[in-house]
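The next block holds one structure in the form of C-alpha cells; read it before the comments.
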Amino acid sequence: MSTISSSPADLPGGLDASAMTIGVVAARWNDHVVAPLLEGAVQTLAELGASSDCVRIIRVPGAFELPVVAAEWARRKQVDAVVCLGAVIRGDTPHFDYVAGPVSAEIARLGAETGVPVIFGVLTCDTEAQALDRAGGKDGNKGADAAKAAVEMVTVLRTLRSHISQ
C-alpha cells in the first residue's frame with residue numbers, strides 16, 4: 001500500500017509555501033472578526049515561506065460574495081489555492097441559514113470542480129463571542145488554520161499529480 005501523506009510532517013519538504021501563490025478573499029462584513037482571521041492567514045503564509053508578492057488579497061462585501069472571487073481565481077488558475085475568510089453569526093433572522101449553507105456548499109464545489117484547493121475559512125457561529133474565540137481568541141485563529149490547510153493541499157495535490165504523471 002502506498003500513502004502520499006497522512007500529516008503535514010509527512011509531506012515532501014513539510015509545509016513550504018515559498019513556491020506558491022495563494023489568493024485570500026476576505027469579507028468586510030463582521031470585520032472585527034474577519035480582520036484577525038486575515039491577519040492570522042497572512043502571518044502564517046509568511047511563516048511558511050510565502051513572499052508578500054505571492055499572497056494576493058481581495059476584500060468583498062460579505063461571506064455570500066466569497067465564492068465569486070474564489071471561482072474567478074480558481075477557474076483561471078491564477079493562484080495555487082484560495083483561502084476564503086468570513087464570519088456568519090446567527091442572529092434573530094434566518095439570514096444565517098441563507099448564507100452559511102450556500103457559501104460552504106459553493107466553496108466545496110469550486111475546489112472539486114477546478115482542482116484548485118478552495119479552503120473554507122468562514123466562521124459559522126451562534127454568537128459573536130464564539131466567533132471572536134476562533135479569530136485569535138481562546139480557540140486559536142481559524143484564519144491561520146485555513147492558510148496552513150491551503151499550503152498542505154497544494155503540496156498534496158502536487159505530490160499526487162507527480163505520482164500520476166510518472
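We did not get these values from a lab; they are worked out from the coordinates using the rules stated. This is a predicted model, so every value here is computed, not measured. Note that we place each Cβ from the backbone using ideal geometry, even for glycine, and neighbour counts take in every protein chain shown.
Can you classify region 85-166 as rounded, prolate or oblate using the Cα gyration tensor, where a ≥ b ≥ c are the square roots of its eigenvalues, rounded means a/c under 1.5, and otherwise it's prolate if a/b beats b/c and oblate if not?
oblate
In whole Hz, with x marking every Gly and Pro, tabulate ³J(HN,Hα) for region 122-133 from phi via Karplus 6.51 cos²θ - 1.76 cosθ + 1.60, θ = phi - 60°.
9, 6, 10, 10, 6, 9, 4, 4, 4, 5, 5, 4
Report the relative contact order of region 19-161, percent, no decimals, based on alpha-carbon pairs under 8 angstrom and at least 6 residues apart.
Relative CO of region 19-161 lands at 31 percent.
On a 0 to 90 degree scale, rounded to 10, what angle separates helix 95-114 from the longest Cα axis of the chain?
Value to nearest ten degrees: 10.
Dipole of the chain (Lys/Arg Cβ +1, Asp/Glu Cβ -1, origin at the Cα centre): which of Ile22, Ala131, Leu160 lies farthest to the positive side?
Leu160
Nearest 10 degrees, 0 to 90: what angle lies between the long axis of helix 66-75 and the longest principal axis of the chain (Cα atoms)?
Tilt of helix 66-75: around 20 degrees.
What 222 nm value per residue comes from the helices of the chain, counting each DSSP H run with n ≥ 4 as -39,500 (n - 2.57) and dividing by all residues, nearest 500 deg cm²/dmol?
Values: 5 runs with 77 residues, N = 166.
Here the helix-only value at 222 nm equals -15500 deg cm²/dmol.
May I ask for the percentage of alpha-carbon pairs in region 19-161 that lie more than 20 Å from each other? Walk me through the numbers on the way to the answer.
On the way: 4147 of 10153 pairs.
In whole percent, the share of Cα-Cα pairs in region 19-161 beyond 20 Å is 41.
If amide hydrogens are placed 1.01 Å from N in the peptide plane, which non-local residues have theirs closer than 5 Å to the one on Val122?
Gly86
Under a point-charge model restricted to the Cβ atoms of Lys and Arg (+1) and Asp and Glu (-1), what is the dipole moment magnitude of the chain relative to its Cα centre, in debye to the nearest 20?
Dipole magnitude for the chain comes out near 460 debye.
Taking amide H positions as placed 1.01 Å from N in the peptide plane, with prolines and chain starts having none, which residues 5 or more places from Arg90, or on another chain, fall under 5 Å of its amide H?
Cys125, Asp126, Thr127
Would you mind putting 155-162, 119-126, 25-32, 78-85 in packing order, based on average other-beta-carbon counts within 10 Å, highest first?
On the way: 155-162: 15.4, 119-126: 21.9, 25-32: 19.4, 78-85: 26.2.
Top of the packing list down: 78-85, 119-126, 25-32, 155-162.
Give the long-range amide H neighbours of Val24: residues separated by 5 or more places, or on another chain, with amide H under 5 Å away, using H modelled in the peptide plane at 1.01 Å from N.
Here the answer is Arg56, Ile57, Ile58, Val83, since their amide H atoms fall under 5 Å of that of Val24.
What is the angle, in °, between the Cα long axis of helix 142-164 and the longest principal axis of the Cα atoms in the chain? Nearest 10 is fine, range 0 to 90.
30 degrees
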